[in-house]
1. Taking interchain pairs and intrachain pairs at least six residues apart, which have beta carbon atoms under 9 angstrom, with the first residue in the stretch B:213-228 and under 18 Å from B:PRO255 (Cα atoms) and without any contact (Cβ under 8 Å) to a residue 60 or more places away in the chain and the second open to solvent by less than 10 Å² (accessible area, probe 1.4 Å) and among the acidic types (Asp, Glu)?
2. Of all residues in the stretch C:141-151, how many are outside any helix (DSSP H, G or I) and touching a residue at least 40 places away in the same chain (Cβ under 8 Å)?
3. Scan the stretch D:248-287 for residues that are within 20 Å of the chain's Cα centre (by Cα), part of a helix (DSSP H, G or I) and not hydrophobic (A, V, I, L, M, F, W, C) and jot them down.
4. Could you list, ordered by first residue, the pairs with Cβ atoms under 7 Å in which the first is in the stretch A:180-209 and of a type in the set (D, E, K, R) and the second is in a strand (DSSP E or B), at least 6 apart or interchain?
5. Evaluate the stretch D:152-161: report whether one residue or more is among the basic types (Lys, Arg), outside any helix (DSSP H, G or I) and at pLDDT 95 or above.
6. Could you list all residues from the stretch D:73-130 that are touching a residue at least 40 places away in the same chain (Cβ under 8 Å), out of contact with any Pro (no Cβ under 6 Å at 6 or more places or on another chain), of a type in the set (A, V, I, L, M) and not in a helix (DSSP H, G or I)?
7. Evaluate the stretch C:185-193: report whether one residue or more is modelled with pLDDT of 95 or more, within 13 Å of another protein chain (Cβ to nearest Cβ) and open to solvent by 40 Å² or more (accessible area, probe 1.4 Å).
8. Among the residues of the stretch D:237-246, how many are under 17 Å from D:TYR294 (Cα atoms), facing chain C (nearest Cβ under 9 Å) and open to solvent by less than 10 Å² (accessible area, probe 1.4 Å)?
There are 4 protein chains.
Amino acid sequence: MKLASDARGVYVIAPTPFHADGRIDESSIDRMTDFFLEAGVTGMTVLGQLGEAPKMEHGESVSIVKRVVGRSNVPVVVGVSAPGFAAMRALTQDVMALGAAGVMIAPPNTLRTDEAIVQYYRQASEAIGGDVPFVIQDYPLTFSVQMAPGVIRRIVMDNASCVMLKHEDWPGLEKISALRGYERDGSMRHISILTGNNALFLDFEMERGADGANTGYCFPDMLVDVVRLSAQGRRDEAHDLFDAHLPLIRYEQQPGPGLAVRKYVLMRRGVIASDALRKPGAALSPAARSEVDYLLARLARRDARARV
Amino acid sequence: MKLASDARGVYVIAPTPFHADGRIDESSIDRMTDFFLEAGVTGMTVLGQLGEAPKMEHGESVSIVKRVVGRSNVPVVVGVSAPGFAAMRALTQDVMALGAAGVMIAPPNTLRTDEAIVQYYRQASEAIGGDVPFVIQDYPLTFSVQMAPGVIRRIVMDNASCVMLKHEDWPGLEKISALRGYERDGSMRHISILTGNNALFLDFEMERGADGANTGYCFPDMLVDVVRLSAQGRRDEAHDLFDAHLPLIRYEQQPGPGLAVRKYVLMRRGVIASDALRKPGAALSPAARSEVDYLLARLARRDARARV
Amino acid sequence: MKLASDARGVYVIAPTPFHADGRIDESSIDRMTDFFLEAGVTGMTVLGQLGEAPKMEHGESVSIVKRVVGRSNVPVVVGVSAPGFAAMRALTQDVMALGAAGVMIAPPNTLRTDEAIVQYYRQASEAIGGDVPFVIQDYPLTFSVQMAPGVIRRIVMDNASCVMLKHEDWPGLEKISALRGYERDGSMRHISILTGNNALFLDFEMERGADGANTGYCFPDMLVDVVRLSAQGRRDEAHDLFDAHLPLIRYEQQPGPGLAVRKYVLMRRGVIASDALRKPGAALSPAARSEVDYLLARLARRDARARV
Amino acid sequence: MKLASDARGVYVIAPTPFHADGRIDESSIDRMTDFFLEAGVTGMTVLGQLGEAPKMEHGESVSIVKRVVGRSNVPVVVGVSAPGFAAMRALTQDVMALGAAGVMIAPPNTLRTDEAIVQYYRQASEAIGGDVPFVIQDYPLTFSVQMAPGVIRRIVMDNASCVMLKHEDWPGLEKISALRGYERDGSMRHISILTGNNALFLDFEMERGADGANTGYCFPDMLVDVVRLSAQGRRDEAHDLFDAHLPLIRYEQQPGPGLAVRKYVLMRRGVIASDALRKPGAALSPAARSEVDYLLARLARRDARARV
């Protein structure tokens, strides 16, 4: 089951559940995996930035992938971004052998010119092997690398194994329109575009041509609904549901505390046992927790899933 | 009427209205000034980043301040950030002579260490004169300068003329709590904290101790209401109104197209005659305009002011 | 006398001499202008980054240009970089009317993609007028903007009035070779390439195809000699002279204190009356001064001009 | 043999020798280790930035350390910088068990405020264990993190196991003076300061109070001589030797091609078998090679070691 360019729906970004002391919590991984499948996701991405990937040792990373792949019946994509190609290749080989569907690669934050970005992905693809499907992660806010639409087109056309864009540029709506325009004018083959950035613009991204979401908002079940409603053309219903969640989406999208918010809500929803982050990574303040509780209580008036 | 540290309410950030050909539109300035006053703002800030200040010649800047000050009965703050102190001092002297209440200063994006930031504000205050009240603009997303709470405290304690913080760090809630904590423990005198970043977190910022808003969202009348409701402890009502606007707030908060959105809505509300930006600055795409129209139509169901 | 693409030799970057209290020192400007002409420069650039341009008011900038142009018989280029096009156009019009030969434009440090850089120069040229010759300043270390050789080619081919590159990328030797390669393969018309970065690589830059230097090292007379020797193919002599100066070149090339070093040596050489910088800008420490004195004493054993 | 705060002399930064196909070249490692010892180094640092550490897999890193430690009779420091503490701790434990003398830690390039930097080193030290001596790598040009002298003092005073500063800030002379001033005024305990940045300012750094060099310039034997001469107060001789090498030092100090220059010269000196870099990493152009050859030929007139 390899990742392909016709992927759609919700590829949820999975956090990594830890015990309070920082050890990986395997039974929470299992419960979380089941929860995602019941929520209707069409894929999962593990070991992304918000999966705390850089805090994991190689062996731990492999064991997480093994556990999730073994329990899922949907494609599992693995984040393999690394400062060097040796570690990237090593992790890719191990996880593809375990049944991963493909890998996700973010650019190192030192890249500046268009040519440097294009060349990086060419070398990365060569390093992991041209048969391994890969996802471009386009997240300038975190990685400081700006990819113009024409650069993404060059990467797509250079590398047959590039099948998906994790789109989280901000602002980003015109970028989706530009890329779909390239497909229409025949200058770029079709790729799957799934959007991230905690779904802050998912409502309009779907209307601009996205195929779904690739993010980890604490209500992936809502993401599944919005993507479905939007794909069915039920615009107002999609926005109504989305807007009800927007106050919490916005709160969780904050860089820094966002992941702690996500884990806290997943804990309150009974999905994971603890909201602990590995160091370095701060816990929510009591004030922040009570703000999240308030947002959940308000949301519960419009979406019963928020009654926790 | 000089700006003081007990300022509260809404200091609206005023855009600069242009004719389609880029000339300053003076009658729109007048209409906009009146509109702000009717909306209940307690102050105005002109020539900020979103007032397109860097695109103005010195003489133009002065004429705008003269016009707004002459028509207002509330304090007018003027953005005077500049690459060098000579231009900053020149503009400050001219606008204070015209009756401005104070000035706003953003840090140059080359500053890195705590000490360098503190020293910059000391030199800036010396350059403009210790009798001119000033506002710190703390907006790392745009200026790439991170000011820890302790750095803001040092600036406040170093400079008696520092009376306000335009708080738009992101995430920023804990920063407000930290600064108010300094006031409580006696290590920092009181300053006014008004929040920006297009009000994306105004609901909770008020609850953390902010004195109001200092931003230019296209419904300043809503900002006035939320600040009032929150100050009165009518929490749910404040959130209800805020949440109704959040889909549009989020859309307008996008760096880049955000100002075009703001001007487009103000034009549709009849406040300014044209939504033109000076170059460099792109117009909204047709797709973006229709998205804003859709957001306004949805908002109108819950706030009659959006019926445009 | 307009700047043209066949410019060669040394366009010295002129500092702005101040009195100790920060006022412009006009008689030092005159003496410095004469000194440059006697040193054999073929042009001068005023109001660059190291001319402390951002610390000047508009009127001051104009008066400096007037003074230098009035006293010189070589082309005078003026730095007009500004955060917005209004100020850039205003200064350009004023200085061209006074007889400047052209202007120099650095990119704002927010530009990221190739397309954004190309577009910026197109808009800038439109703003100042297509009849005004301009110089691209390519200095990533200071401006954080990386221009690939292909981007420079696009700017040159887009804008007939682009006649010169102030090359100070680092590393930069391969960039000169690439640009001259474009000229040879017919994909780019010829432009003048003068190199900056305090001449740290002038020896090899000349051999790679540069037309000369465009920098402000405190011995412009040495730059003139090295450019001449290199153009005459007297390679070893060029390197011998260059190497004798390299310890001081390196010391002066430091970002931050570099300008203070330059002014200190020019003062010791009797060219300007004071080594004062405008604020913000620190003086040399006593330790640094004595290090410069030591370097001068060592240099004097091999170049009599260093006997000060 | 643990690293201590009285370390002095030259801790050479070792490159990692590869075969042309990218495999580690073990016999070159041995030859290089012997060469360094014969050159008179007092320590070695492996797996630094210019040891291509991020391109290595964990197992490879460990094997390199094992080989070098097993062959040396001087302290071996290991670069363990990593995006997360898990990998940092894992590598530290493995190499300390093999007999490494300490580790070197560079800050992640996302750190901004003073407090964030101080906290990072506190957490890093806790992660690797308070009994492991560590070196602060202060290299803003590469890591984008600015550490004020006061921040280094805080790290030193917070962590008893912090014993050395690899000083490569630029400009950096005043920083050495400031730190030694802290020691004199009793506000900071003594640490070893060894300087990097390819020795571009080694001549004056020694005079400001550095204890030696910690860099990988292709003539470590020259570094040993300059450090010795300077420590003996033979100022002119130290500068004479240093100046003879400066044209090549400057050429090798270029970010990007610098490492290829270093490996090329070490290959020409017979120390390593190939100048290959692992991908991503470009080879020298023919023009660059001939420039280095020319610099070596010129140097050979003054230092016989350059006759290769």
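The values are calculated or read from the model by the stated rules, or taken from the named source; none is laboratory data. Remember, it's a predicted structure, so these values are computed and weren't measured experimentally. Note: ideal-geometry Cβ built from the backbone for every residue, glycine included; neighbour counts use all protein chains shown. What goes into the accessible areas is simple: the full protein's heavy atoms, side chains included, and nothing from ligands, DNA or RNA. Shrake-Rupley method; radii C 1.70, N 1.55, O 1.52, S 1.80 Å.
1. As it stands, the answer is B:TYR217/B:GLU252; B:CYS218/B:GLU252, since those pairs meet every condition given.
2. Result for the stretch C:141-151: 1.
3. D:ARG250, D:TYR251, D:GLU252, D:GLY258, D:ARG262, D:LYS263, D:TYR264
4. A:GLU205/A:THR195
5. Checked the stretch D:152-161: no residue is among the basic types (Lys, Arg), outside any helix (DSSP H, G or I) and at pLDDT 95 or above.
6. Listed by number, the residues that qualify are D:VAL77, D:VAL80, D:MET104, D:ALA106.
7. No; the residues of the stretch C:185-193 include none that is modelled with pLDDT of 95 or more, within 13 Å of another protein chain (Cβ to nearest Cβ) and open to solvent by 40 Å² or more (accessible area, probe 1.4 Å).
8. Number of matching residues: 1.
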